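Scroll down for the structure; my scribbles are underneath it.
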Amino acid sequence: MIHRQTSSISLKDQVDFLNRLAKLLKHSFTLRQSLQFMMYDPKFNYLANEFVIRLQQGQSIDSCFRELKFHPIVNAFLYFSTSSGHMSYHLIQCYNLLKMRVDFQKKLKDITKYPLILLILSLVIFFCMSLFLLPVYNNTLNSIAQGASYIWFNLFVSIVQVVILAGIPLLLLTLFIIVIIYKKQSIEQQITTLDKIPLVRNVIRLSTTAQFAFHLGAIISNGKTVKSGLLIMSQQSDLTILEYYAKSILVDLKLGRTLTQSTNNLELIETDFKLMLKHSVEQGSLAEDLQAYAAIALSSLEERLQKLMMTIQPIMYSLLGIMIVIIYVLTLFPMFQLINHI
């Protein structure tokens, strides 16, 4: 059967879909019953119908999510749920993680939208004034007698114009080149690059550690060994960092290193997780401790995202404040010069 081409689903809709599906599964509905129930939902009836059709054709649940263009995190969580046997639990955790991402994106958009609009308007006003108002002042002051201070003022305006005209395109070009280079790098190089980015690396490190702890803990709590859990993690391709780390740890284990030693050189794994891992292995409580750590890490991740926003907001307002001061100087300084010469 040929399916209709599905467009990409917004992250917010994915979060809502997962939330409703997880609630139904939590109330003892089977996956098929939950999806059939959601076919009566006006918002998700088409999507639920697509899932039912694909499942009837024998596709796995994670491949269904992948074909319907869900976020890679969703695909990975569903892939791991088939090994852990706790699908509703995985869906709830996946929902929590994606909701955190959606909330962060919304708040980031809210705190940057108006300062960005005002900053753009300030840039437009600055260039309009420097192109149309300053020549009028120049002509007037030239007829009176132009002072040295006004020459320095013209130099200041010219420098600001050059910095803005050259700086913004150069910044955008640099970011574009960095993204292109990053995508062409190997996974080892990408991890090294991410670990060098200020502010962002703390969020990525904690997110990676939380997902690693959650997935490994969920799998081994279902009776599988650590090696089996790592092997399952290495066979998925949606979360490439976890895939690479799982393969790296498996290689170290084959060489006779312990689990704790195998994680020591993993850049995007938190130090406190490595210490917890050593203690848990010694105490024989690895599965429980991994789940507990994942829950704590998710709470810490939310706090770090809040701190990141609190860092971005002052930067935006500082740039806006600088532009407003420059516009005031551009407006008032020539007027004072004219008053002094009259």
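Every number in this text was worked out from the coordinates using simple rules, so none of it is lab data. Everything numeric here is computed off the predicted structure, so don't read it as measured data. Cβ sites come from the backbone with ideal geometry, for glycine too, and all protein chains shown count toward neighbours.
Annotations
- Relative contact order (percent, whole number), the range 11-70, Cα cutoff 8 Å, 6+ residue spacing: 22
- Segments 305-315, 232-242 sorted - mean Cβ within 10 Å per residue, highest first: 232-242, 305-315
- Put the Cα centre of the range 55-94 next to the Cα centre of the range 228-282 and the gap is 23 Å.
- Extension gain for M39-V124 works out to 25.5 nm (0.36 nm per residue, less the C-alpha to C-alpha distance).
- Relative contact order [Cα under 8 Å, 6+ residues apart], the range 100-342, whole percent: 32
- In the chain, taking the dipole from charged Cβ atoms about the Cα centre, the farthest positive-side position among H279, M39, S262 is held by M39.
- 17 Å Cα-Cα reach of K107 towards lysines, excluding residues that sit fewer than 8 places from it in its own chain: K12, K99, K307
- Spherically averaged projected area of the chain from its Cα convex hull (nm²): 24.0
- Signed unit charges on C-beta, dipole axis of the chain, positive-most listed residue L108, L123, V163: L108
- Members of K254/K278; K227/K274; K224/K247; K26/K227; K227/K278 lying beyond 21 Å, as alpha-carbon distances in this model show: K26/K227
- Charged side chains reduced to their Cβ positions (Lys and Arg at +1, Asp and Glu at -1) give the range 100-342 a dipole of some 300 debye around its Cα centre.
- Residue order, fewest to most beta carbons within 10 Å, for V162, V203: V162, V203
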